[in-house]
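The values are calculated or read from the model by the stated rules, or taken from the named source; none is laboratory data. Nothing here was measured: the structure is a model prediction, and the numbers come from that model. Here Cβ is always computed from backbone atoms with ideal geometry, including for glycine, and neighbour counts include all displayed protein chains. Just so you know, the surface numbers come from the protein's heavy atoms only, side chains and all, with ligands and any DNA or RNA stripped out. Shrake-Rupley method; radii C 1.70, N 1.55, O 1.52, S 1.80 Å.
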Amino acid sequence: MQTQRNTKIMKTGGIVTAVFFAVFLLVLGYFSFFGERREISEAENREVAQMPEFTYDTWVSGEFSEEYDNYVADNFPWRDDFLQVNADINSVYTQVSFDDEGVWIENRFLYKDRGMGLYYPTDEDLATYTDAINYVKERLPDTDIYVMLIPGAFNFYAPLKFQDPTTMSDKNIERTFDKISDDVNKVNIYSALEDAKDDYIYFRTDFHWTARGAYCAYKVFADMAGYDPVSLDEMRHAIVDGDFPGELILEMHEPEALKEAPDFVEVFFPELEYTAMMYADTDMVDGTPIEIVRDAVNWWNKYYVFNKGDQPLIHINTENKNGKSLLVIKDSFANAMTAFMVCDYEDVYYMDYRLIKADIFSFVEEHSIDSVLFLNKLTLDRSISMFIHMENEVR
Amino acid sequence: MVFSSLIFLFQFLTICLLLYFIIPSIKLKNILLLVASLFFYAWGEPVWVTLLIFSALLDYTVSNLMFKKGSPKAWLIISVVLNLSLLITFKFSGFIIQNINALTSSHIPDPGFMLPIGISFYTFQTMSYTIDVYRKKVPPERSFIDFITYVSLFPQLIAGPIVRYSDISKELKSRKPDILNGVRRFIIGLGKKVLLANTAGALVGEYLGRINSMSVLSSWVGVFFFSLQIYFDFSGYSDMAIGLGKLFGFQFLENFEYPYISKSITEFWRRWHISLSSFFRDYLYIPLGGNRKLQVRNMLIVWALTGLWHGASWNFVLWGLYYFVFLVIEKYIFQRSPVKAPAAVRHVYTLFVVMVGWAVFYFTSISELRTALSVMFGFSGNPGYYASDLPMLTSHVVFIVAAIIACMPFSKLCGRIFDHFIEKSSMLTVLATAAQTVFLCAILFWSTSALVGSTFNPFLYFRF
């Protein structure tokens, strides 16, 4: 009798689970098909994927299904709430902190009122990156090739107990430089940044460095390239209007410590005449004039005062008629350095390897470039190798 | 399409289940399952779905002609040769050509075939069916719709278990869904995949991605995480498959039986990917002679091929042969020894062998594998541990504890305790049932949050 009753109770439990399952699938399923669609996600600060166009080609290539997956994910009902729930649960589940000495959130580190990025390459990234740089030197034996690797703020500011020797930026810079040919100029900026770490060289709410951080690195580069760096005192200086609540706030699911203490942006202006144009490709026709540094930007992401964000290609021609030209193959960290770089060259080209297809070898030849600087985050993005080997595709 | 995705759960499966329970007749239900399965497959592989159809058509024709025209053996050979040719062409041609090129210094171009999803599973299934028909274990299936429904059945199409026709032939004609157990099993599998395997996977990348400079301790931690990832990934997928099978009325055989509690390698392989080991046992090992003649040779062939089945790379062959060695040692030394080591020692030995095995499995390049093993065994000169190893490990302690519990037959133990008390108190039953219900609903909700969370993609350069 008792057993029968208990079996009934257990069956009821099973029915409740099955009903929850059915209702959960039906409700979320219904709204994933017929729910409200939005164009912009405030929580993620980006455009939401739209319903892709179905054609035979997009179907066969798998493009349609991939884009449709994104469309469903982006328009998933109560998406922002689910994201928040996941972040909250994760903070207990995978990122337990036993004291107030810091916590990992979405692969970024939060310590007091500072968010930090930690960049390090995997073994494979490192091998791919260094092979690519060595290949460039082989192909351009008469051009000065420079490599500058940018560490995140983590190793400078996170408590010692979290510092893993295998992810330490100084060790990884050395490891990478060891694999790069000695004919390449290796610009090691680690100790310069470390010496200046008490200054405002990294944002606290954004993973980028500040103009002052970029200046530290620029000085090391100028020393190596054999010229006197411009002095900050010689440059006009301004503070950009308004707070800068950086990207880390969003990426780390809006921790209060960061939200309450936004950054500010300081800019320096080169004291020389120049013209700067941006281009979509290396043909360099139909350029648009661009300001490489501004003291105001009408948007929360104040890092855009530098180069107006990332551009495929910027050409800056200055009044320095010294015939010196520099090509910078860069990611977003380079943007904060432009104002300093232009002080010493007649022509500076900023090429964002993520946004342009280029045959850099022909480009160097056509524009008689005498120095090429690879300025990259220490993650050593593997796609830079694809970019370098793109020459045949572009032709 | 994969089970652990929003589109599968909330669009494909929702519609599929809805229609399935509305449709009255079994024939129409089978047609629905067939259409759904082909759609499921074609979602990611629109072109290669033709291979699946070809393989099904081939074995359907062969099996139906086998005892009507010509010699049954000739038909069997045609099926085996064609199925294996499909597998070799699409899975191994690149590997074979690379090796020929390396050995003969020739430059034969790699045809560069993409590996069609699930080909290793469905070619084995159709082959096993034809062999069973040849052995007269099952009659040939007369309905092509039912046969291709069996081959393409989406719950087991992509990652097994390898379901034999003989196991579900009756259910193709008549079956009853087991909704309560199906839902429970599916949710458990989803949780294993999304909450445990994916978390372990992220940690594996963190650790094993930079094995060169790792400490000895961290290299083992990395392999430990990979051991968790591969188990939860695979067994989670099998659980989902079995759960979905139950929802549609099919009873698939178990594929994993808590392999990490094994006390010998022999036992491990009785508990790990059971449908694959039993396939090799029934269709290769026994026909080769099994235990009766040339047992060691038979084992060698079976384990080299088991390794190769997992991937077209030498490390997988090595992985298979590695198990061959331990199985032979166990068979001829351990099992004949009059003294038995204590259970704890046998358990540690098994886990050690299995973990080293997973390192061999993980590093597909032999030079990387050599580096990894030299770090793990302290020959690389890397330090034993770094001061930061511990905080890194302790920050994942909740996950590690949850994962270890999930590797053990904890629910079975609970069940036993529960059965003991169930006779005595309704109150306890109510409490335990409520706890289980809340747990399962929470897992479903949390897994969904994690799936949404995995698509979290804030954009840095937008609106400029």
Exercise. Return the sequence-ordered ³J(HN,Hα) values of the range A:303-315 in whole Hz as given by the Karplus equation 6.51 cos²θ - 1.76 cosθ + 1.60 applied to θ = phi - 60°, using x for Gly and Pro.
Key: 5, 6, 5, 8, 6, 6, x, 7, 10, x, 8, 10, 10
Practice problem: With an 8 Å cut-off on Cα pairs and a minimum separation of 6 or more residues, tell me the relative contact order of chain B in percent. | Solution: 15 percent
Practice problem: Kindly report, to the nearest 10 Å², the accessible surface of A:Glu365 as traced by a 1.4 Å probe over protein heavy atoms only. | Solution: 150 Å²
Quiz prompt | the range B:175-305: C-alpha gyration tensor shape, a/c 1.5 cut-off, then a/b vs b/c | solution = oblate
Self-check item: Cβ neighbours within 10 Å from other chains - mean over A:117-123
Solution: 3
Quiz prompt | Label-point gap, in nm, between B:Lys331 and A:Glu256 - each point 7 angstrom along Cα→Cβ | solution = 6.5 nm
Quiz item: Taking R0 as 51 Å, what's the FRET efficiency between A:Thr12 and A:Met51 from their Cβ-Cβ distance, rounded to 0.05?
Solution: 0.75
Quiz item: So what's the back-of-envelope 222 nm ellipticity for chain B, counting only DSSP H runs of four-plus at -39500 (n - 2.57) apiece and dividing by all residues, rounded to 500?
Solution: -21000 deg cm²/dmol
Self-check item: For the range B:170-209, the Rg and Dmax computed from alpha carbons only, in angstrom
Solution: 16.8, 50
Self-check item: trypsin sites (Lys or Arg not before Pro) within the range B:306-387: DSSP coil, no more than 15 neighbouring Cβ in 10 Å
Solution: B:Arg336, B:Lys340
Quiz item: What accessible area per residue comes out for the range A:142-222, rounded to a whole number of Å², with a 1.4 Å probe?
Solution: 34 Å²
Quiz item: Counting only protein heavy atoms and rolling a 1.4 Å probe, how much accessible area do A and B lose on contact, total for both sides, in Å² to 100?
Solution: 6700 Å²
Practice problem: Specify which residue in the list A:Ala158, A:Tyr215, A:Tyr120 is farthest towards the positive end of the charge dipole of the range A:98-235, using unit charges on the beta carbon of Lys, Arg (+1) and Asp, Glu (-1), about the Cα centre. | Solution: A:Ala158
Quiz item: What trypsin sites (Lys or Arg not before Pro) does the range A:1-63 have in DSSP loop regions with at most 11 other beta carbons within 10 Å?
Solution: A:Arg37
Quiz item: Cross-link partners among lysines for B:Lys176, C-alpha distance below 28 Å, same-chain residues fewer than 8 apart left out?
Solution: A:Lys8, A:Lys11, B:Lys27, B:Lys29, B:Lys136, B:Lys137, B:Lys192, B:Lys193, B:Lys246, B:Lys412
Quiz prompt | Backbone N within the range B:240-283 under 20 Å of label point (7 Å from B:Val35 Cα along the Cβ vector) | solution = B:248-249
Self-check item: DSSP bridge pairs, chain A: antiparallel proportion in percent, nearest 5
Solution: 55 percent
Practice problem: Compute the FRET efficiency between B:Ile15 and A:Arg38 as 1/(1 + (r/R0)^6), taking r as their Cβ-Cβ distance and R0 = 22 Å, and round to the nearest 0.05. | Solution: 0.40
Quiz prompt | For A:Met252, distant residues with modelled amide H under 5 Å away | solution = none
Quiz item: Hey, what's the per residue convex hull volume over the C-alpha atoms of the range A:254-395, in cubic angstrom?
Solution: 132 Å³
Quiz item: How many times 2.2 N^0.38 Å is the alpha carbon radius of gyration of the range A:183-335?
Solution: 1.12
Quiz item: Based on the Cβ-Cβ distance from A:Tyr227 to B:Ser426, what FRET efficiency comes out when R0 is 56 Å, to the nearest 0.05?
Solution: 0.05
Exercise. Filter the GluC sites (Glu not before Pro) in the range A:1-92 to those in DSSP coil with at most 11 other Cβ atoms within 10 Å of their Cβ, and list the result.
Key: A:Glu36, A:Glu39, A:Glu42, A:Glu53
Exercise. Could you tell me which of rounded, prolate or oblate describes the range A:50-129, using a ≥ b ≥ c as the square roots of the eigenvalues of the alpha-carbon gyration tensor, with rounded for a/c under 1.5 and, failing that, prolate when a/b is larger than b/c and oblate otherwise?
Key: oblate
Quiz item: Taking θ as phi - 60°, what are the ³J(HN,Hα) couplings along the range B:83-88 by the Karplus curve (6.51, -1.76, 1.60), each to the nearest whole Hz, with x for Gly and Pro?
Solution: 5, 5, 4, 4, 5, 5
Quiz item: For the range A:41-92, what mean projected area does the convex hull of the alpha carbons give, in nm²?
Solution: 4.4 nm²
Quiz item: Once you charge only the Cβ atoms, +1 for Lys and Arg and -1 for Asp and Glu, what is the size of the charge dipole of the range A:248-395 about its Cα centre, to the nearest 20 debye?
Solution: 220 debye
Exercise. State to the nearest 20 debye the size of the charge dipole of the range B:141-300 about its Cα centre, where the only charges are +1 on K and R beta carbons and -1 on D and E beta carbons.
Key: 380 debye
Self-check item: Karplus (6.51, -1.76, 1.60) ³J(HN,Hα), θ = phi - 60°, over the range B:156-169, in Hz, Gly and Pro reported as x
Solution: 10, 5, 8, 9, x, x, 6, 8, 8, 4, 4, 6, 10, 4
Practice problem: Can you tell me how much longer the chain between B:His310 and B:Leu28 gets when fully stretched, taken as 0.36 nm per residue apart minus their C-alpha distance, in nm with one decimal? | Solution: 97.9 nm
Quiz item: Got a number for carbon plus sulfur as a percent of the range A:185-268's accessible area, 1.4 Å probe?
Solution: 43 percent
Quiz item: Any residues in the range B:171-193 that have 40 Å² or more less accessible area with all protein chains than in their chain alone, probe 1.4 Å, and which are they?
Solution: B:Leu180, B:Val183
Self-check item: Descending semi-axes in Å of the range B:36-163, equivalent ellipsoid built from Cα gyration tensor
Solution: 28, 20, 11
Exercise. Please give the per residue accessible area of chain B, computed with a probe of 1.4 Å over protein heavy atoms only, in Å².
Key: 43 Å²
Quiz item: Which of the residues in the range B:9-35 lose at least 30 Å² of accessible area when you go from the chain alone to all protein chains together (probe 1.4 Å)?
Solution: B:Phe10, B:Gln11, B:Thr14
Quiz prompt | Amide hydrogen neighbours beyond the local backbone of A:Val293, cut-off 5 Å, H modeled | solution = A:Asn307
Quiz prompt | Distance cut-off 16 Å, percentage of C-alpha pairs in the range A:265-322 lying past it | solution = 50 percent
Exercise. Hey, can you grab everything whose amide H is under 5 Å from the amide H of A:Val372? Only 5+ residues off in sequence or another chain; H modelled, so Pro and N-termini drop out.
Key: A:Asp144, A:Ile145, A:Tyr146, A:Leu327
Practice problem: Over the range A:202-356, calculate the relative contact order: mean separation of alpha carbon pairs under 8 Å at least 6 apart, over the residue count, as a percent. | Solution: 24 percent
Exercise. Return P(r) of the protein assembly as shown (all Cα-Cα pairs; 10 Å bins starting at 0; whole %; ordered from short to long distances).
Key: 2, 10, 18, 22, 20, 14, 8, 4, 1, 0, 0
Quiz prompt | Reachable lysines, given that their alpha-carbon falls under 23 Å from the alpha-carbon of A:Lys179 and they are not under 8 places away in the same chain | solution = A:Lys137, A:Lys171, A:Lys330, A:Lys377
Quiz item: Can you give the net charge of the other residues whose Cβ lies under 10 Å from the Cβ of A:Phe264, counting K and R as +1 and D and E as -1?
Solution: -3
Exercise. Would you work out the relative contact order for chain A, in percent, from Cα pairs under 8 angstrom that are 6 or more residues apart?
Key: 15 percent
